[in-house]
């Protein structure tokens, strides 16, 4: 679960107080690999990113303070290429509360390895939905909309479409940008372009519907209907198996996004299930997400049978 960040060497931590909109976003800037430079610029950068993410109105909806979507962004700066030019990675996480419990479920856990941006100390971070003004703000806004879209998908069938389309517009605006991460032909198809392409691709509609079933019919009623809720999640996993066998793309990026967020939780959920359900779910998970096979084998090793 997301925790408040601890002050550590080379990691800037600031008080997180502001008038939030839809997001309650913790920001961390790690500069441990950058030596002999003005450190205050990174403090200013962290403050600017925090204000940009939390004070921007990303939707037309009104959010109460306790309804804000909790997320976590870690910017790890690995290179300083010039006085105002940097490269690094961005780790993005978001979570959602489970109804009638104090438990939060992870929605997104992704590392973007293509961060390349310019920033001058005290620069105002500006963003436009209609043009690519800055690689930093376009990237941050892209993930703001991805976080929103996944959250909305978990409350209604394809409820996040509007926000995924906004993320797609950011990608389209950035097609002439020199920085990596925005184009179809880069690397192993695990970038921003392919993320939003998968999210809106009809071939992955089953996966999007699983987000709704998993959360609204599975996790949310589980405090009152454990057996029925777990059965709903088992059927959702069966839908993921169908997608896996159809292989909408060779990398199955969207499926991997799901399991990067949910693999540990799935093990915890089904360790306490009935033997037949344990075996069925474990076998499906091992097939679909074989890189975590050893983790899923622990489901059937458990003796729980609730």
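The values are calculated or read from the model by the stated rules, or taken from the named source; none is laboratory data. Quick caveat: nothing in here was measured; it's all calculated off a predicted structure. In this analysis, Cβ positions are derived from the backbone assuming ideal geometry, glycine residues included, and neighbour counts consider all displayed protein chains.
Among the numbered conditions (1) closer than 29 Å to residue 40 by Cα; (2) out of contact with any helix residue (DSSP H, G or I) (no Cβ under 6 Å at 6 or more places or on another chain); (3) in contact (Cβ under 8 Å) with a residue 24 or more places away in the chain, tell me where residue 216 comes up short. (1) is the only condition that residue 216 fails. Restricting region 167-179 to residues that are surrounded by fewer than 21 Cβ atoms within 10 Å (Cβ to Cβ) and within 19 Å of the chain's Cα centre (by Cα), which is nearest to residue 91 (Cα to Cα)? Ranking the candidates gives 168 first. When restricted to residues that are crowded, with 16+ Cβ neighbours inside 10 Å and over 20 Å from the mean Cα position of the chain (by Cα), region 105-135 contains 6. Residue 102 passes every criterion in (1) over 18 Å from residue 261 (Cα atoms); (2) touching a residue at least 12 places away in the same chain (Cβ under 8 Å); (3) within 21 Å of the chain's Cα centre (by Cα) apart from (2). Residue 183: buried (at least 17 other Cβ atoms within 10 Å of the Cβ) and under 22 Å from residue 127 (Cβ atoms), yes or no? In short, yes. What are the pairs, 6+ residues apart or on separate chains, where a residue within region 172-197 that is touching a residue at least 12 places away in the same chain (Cβ under 8 Å) and not assigned by TED's automatic domain parsing to the domain that holds residue 132 has its Cβ under 7 Å from a residue that is in a helix (DSSP H, G or I) and surrounded by fewer than 19 Cβ atoms within 10 Å (Cβ to Cβ)? Pairs that qualify, where the first residue is touching a residue at least 12 places away in the same chain (Cβ under 8 Å) and not assigned by TED's automatic domain parsing to the domain that holds residue 132 and the partner is in a helix (DSSP H, G or I) and surrounded by fewer than 19 Cβ atoms within 10 Å (Cβ to Cβ): there are none. Each residue in region 29-49 was checked for being assigned to a helix (DSSP H, G or I) and closer than 17 Å to residue 88 by Cβ, and 8 pass.
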